[in-house]
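Notes follow once the structure below has been shown.
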Amino acid sequence: MRLLVIGGTAAGMSAAARARRLDPSLEIVVLEKGPVVSFGACGLPYYIEGRIRNAEQMVVHTPEYFRKQRNISVRTNAGVVSIAHSRRQVSVEGGEHERYDRLVIATGARPRLTGIAGEALPHVFNLHRMSDGQRLRQFIEEKRPKTALIVGAGYIGFEAADAFRHRGMRVAIASLGFDALNRRDPELTKLISAHCERFGVEMRWNTTVQSVEDERADVVLIAAGIQPNVEIAREAGIETGRTGAIRVDDRLQTNLACVYAAGDCAETFHLVTGRHEWVPLGTTANKMGRVAGANAAGRRERFHGIVGTSVLRIMGLDIGLTGLSCEQARAAGFNPVEARIQAKSKPGYFGGRPITVQLVADRGTRRLLGGWVAGEHDVAGRANVIAMALQARTKVEEFEGSDLAYAPPFAPVWDPVLIAAQQLVKLLD
Ligand SMILES: Cc1cc2nc3c(=O)[nH]c(=O)nc-3n(C[C@H](O)[C@H](O)[C@H](O)COP(=O)(O)OP(=O)(O)OC[C@H]3O[C@@H](n4cnc5c(N)ncnc54)[C@H](O)[C@@H]3O)c2cc1C
């Protein structure tokens with residue numbers, strides 16, 4: 001039995017590694033278009049900042065490691081150009097073929113083309129692959145740019161802004177609308193915007209950048225969204241969903257027998273909306289990869305779905321998000337109510353700092369639908385608590401009574417997420 005994996009990053013290598021663990025007799029081959037595998041793009045902003053010294057530190061394992069330690073054959077610089085499912089084989093750049101019995105597609109995503117004039121100029125960058133990061137850092141170290149323009153107010157844009165500031169640059173962020181982190185939450189956008197301005201980052205909301213040549217920036221980063229790499233799958237007859245990413249069932253199988261898809265190229269089931277959505281994140285890609293790998297190795301495992309939890313740091317402000325904003329909930333057919341509170345992360349005498357918590361619930365069912373936490377301490381843990389509540393389809397009243405830990409070094413006696421829940425209960429009554 002031969003398992004072929006297309007794409008050698010989070011989802012692809014997780015699939016290969018899991019399949020190997022479950023079936024030592026499988027022949028496993030990974031085909032990766034780029035020069036490295038097992039690369040964590042999440043480290044790129046910190047590599048630009050300089051906190052990560054060498055790009056190699058972002059590579060978890062080498063092809064040699066997989067060959068020697070896992071008996072997985074990895075071919076780099078081996079981009080797949082087509083899939084012929086009736087013959088159970090793929091064609092690789094250069095004309096070679098590779099046969100498969102089971103196939104996992106883990107081709108990820110790529111930066112969306114924006115149509116901005118001058119995108120190919122030498123001072124204009126994306127931040128997606130390792131080579132993007134290396135080119136950008138080399139440019140910064142050689143040219144010592146003083147000003148930076150970032151196009152896009154998603155998490156990569158904000159993380160890059162932080163990194164550019166560390167490099168001593170004056171930074172501006174331009175965004176088409178008034179929406180930070182693609183959350184459709186004006187209060188969160190205001191909070192982030194004010195924080196960035198406080199740190200000298202100029203926020204240019206409702207701004208269309210048409211040409212980088214019109215901008216007087218020494219370096220330009222285009223971080224205006226990504227799109228799934230689905231072309232070879234589509235051409236092979238693999239269905240994509242409403243979102244444009246590959247449609248999979250709960251075993252992560254595509255519409256073709258023995259062909260699975262995982263990670264940023266695929267949709268996932270969203271436990272709050274009850275629909276298939278496209279939420280491209282590393283945490284999801286790794287988990288989907290494991291399940292796709294297990295099923296490709298003959299197991300029957302389900303991927304239960306996601307609630308879309310993420311966390312990021314922007315100039316000392318941590319923001320953890322999960323589930324839906326009010327507007328997203330409304331668009332998904334709910335009747336949402338939101339509460340937002342400010343509290344202290346722990347008692348004042350223990351150095352507690354302001355923390356903001358927002359929670360959204362459905363008026364009819366009183367079920368929690370989403371929330372975010374923003375502050376300087378213990379944000380991720382609190383966002384994760386909300387995420388677990390969403391996953392368990394918890395009602396606000398149940399959440400309000402959650403048995404969360406208290407001691408002065410960690411939290412106030414009423415944790416901020418519980419204060420937000422109390423507030424939400426009042427609004428619902
Ligand atoms: C700057 C940055 C910061 C991020 N930070 C976070 C974070 O903090 N937290 C988080 O959860 N997520 C984060 N992410 C997102 C995360 O990196 C991705 O969700 C994750 O890498 C997706 O993994 P993947 O394996 O599905 O796809 P990818 O990592 O995109 O890998 C796909 C691989 O497939 C290869 N490939 C594509 N087409 C072919 C082909 N035809 N033949 C062969 N190979 C092919 C590509 O070369 C690539 O190596 C970040 C992303 C970036 C860019």
Within the stretch 90-128, which residues are basic (K, R) and either crowded, with 20+ Cβ neighbours inside 10 Å or closer than 25 Å to P228 by Cβ (or both)?
R102, R110, R112
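To keep it simple, each residue is scored yes or no on (1) part of a loop (DSSP other than H, G, I, E, B); (2) more than 9 Å from the ligand (Cβ to nearest atom).
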{"position": "P45", "(1), (2)": "no, no"}
{"position": "R53", "(1), (2)": "yes, yes"}
{"position": "Q57", "(1), (2)": "no, yes"}
{"position": "H61", "(1), (2)": "yes, yes"}
{"position": "E64", "(1), (2)": "no, yes"}
{"position": "N77", "(1), (2)": "yes, yes"}
{"position": "V90", "(1), (2)": "no, no"}
{"position": "G94", "(1), (2)": "yes, yes"}
Can you name every residue in the stretch 55-82 that is within 19 Å of E96 (Cβ to Cβ) and either loosely packed, with under 14 Cβ neighbours inside 10 Å or at pLDDT below 95 (or both)?
R67, N77, S82
Taking the stated definitions as given, is D415 without any contact (Cβ under 8 Å) to a residue 60 or more places away in the chain, closer than 30 Å to H304 by Cβ and buried (at least 21 other Cβ atoms within 10 Å of the Cβ)?
yes
Is at least one residue of the stretch 114-131 among the hydroxyl-bearing types (S, T, Y) and in a loop (DSSP other than H, G, I, E, B)?
yes
If A11 passes every condition in (1) more than 9 Å from the ligand (Cβ to nearest atom); (2) assigned to a helix (DSSP H, G or I); (3) touching a residue at least 40 places away in the same chain (Cβ under 8 Å) but one, which one does it miss?
(1)
Which of the following residues is more than 16 Å from the ligand (Cβ to nearest atom) and either in contact (Cβ under 8 Å) with a residue 60 or more places away in the chain or over 18 Å from R183 (Cα atoms) (or both): R330, R340?
R340
Members of the stretch 17-43 that are touching a Leu at 6+ places or on another chain (Cβ under 9 Å) and more than 7 Å from the ligand (Cβ to nearest atom):
A19, R20, D23, L26, E27, I28, V29, V30
Please work out if R67 is over 21 Å from L136 (Cα atoms) and free of Cβ contacts under 8 Å to residues at least 60 places away in the same chain.
yes
Of all residues in the stretch 211-240, how many are touching a Pro at 6+ places or on another chain (Cβ under 9 Å) and either free of Cβ contacts under 8 Å to residues at least 12 places away in the same chain or not in a loop (DSSP other than H, G, I, E, B) (or both)?
6
Given the options V81, V104, name the one that is in a strand (DSSP E or B), more than 24 Å from the chain's Cα centre (by Cα), within 14 Å of the ligand (Cβ to nearest atom) and among the β-branched types (V, I, T).
V81
Find the residue count for the stretch 249-268, including only residues that are farther than 18 Å from L3 by Cα and either among the small types (G, A, S) or in contact with a strand residue (DSSP E or B) (Cβ under 6 Å, 6 or more places away or on another chain) (or both).
5
Looking only at residues in the stretch 246-274 that are hydrophobic (A, V, I, L, M, F, W, C) and in a loop (DSSP other than H, G, I, E, B), which one is surrounded by the most Cβ atoms within 10 Å (Cβ to Cβ)?
A262
Could you please give the count of residues in the stretch 352-385 that are over 16 Å from V337 (Cα atoms) and either of a type in the set (K, R) or assigned to a helix (DSSP H, G or I) (or both)?
8
Taking S310 as meeting all but one of (1) within 29 Å of R2 (Cβ to Cβ); (2) in contact (Cβ under 8 Å) with a residue 60 or more places away in the chain; (3) near the ligand (Cβ under 10 Å from one of its atoms), write down the number of the exception.
(1)
When you scan the stretch 275-284, do you find a residue that is more than 18 Å from the chain's Cα centre (by Cα), buried (at least 20 other Cβ atoms within 10 Å of the Cβ) and either touching a residue at least 40 places away in the same chain (Cβ under 8 Å) or more than 12 Å from the ligand (Cβ to nearest atom) (or both), even just one?
no
Can you tell which of T207, T243 is assigned to a loop (DSSP other than H, G, I, E, B), modelled with pLDDT of 95 or more and under 22 Å from G118 (Cβ atoms)?
T207
Which members of the stretch 334-351 meet the condition of being assigned to a loop (DSSP other than H, G, I, E, B) and charged (D, E, K, R)?
K346
Of everything in the stretch 297-333, what is under 17 Å from V417 (Cα atoms), among the aliphatic types (A, V, I, L, M) and in a loop (DSSP other than H, G, I, E, B)? Give them in sequence order.
L324
Provide a single number: the residues in the stretch 196-233 that are crowded, with 19+ Cβ neighbours inside 10 Å, farther than 16 Å from F164 by Cβ and within 23 Å of the chain's Cα centre (by Cα).
6
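The values are calculated or read from the model by the stated rules, or taken from the named source; none is laboratory data. In this text, all values refer to a predicted model and were calculated from it rather than measured experimentally. As a convention, Cβ positions derive from the backbone with ideal geometry for all residues, glycine included, and neighbour counts pool all protein chains shown.
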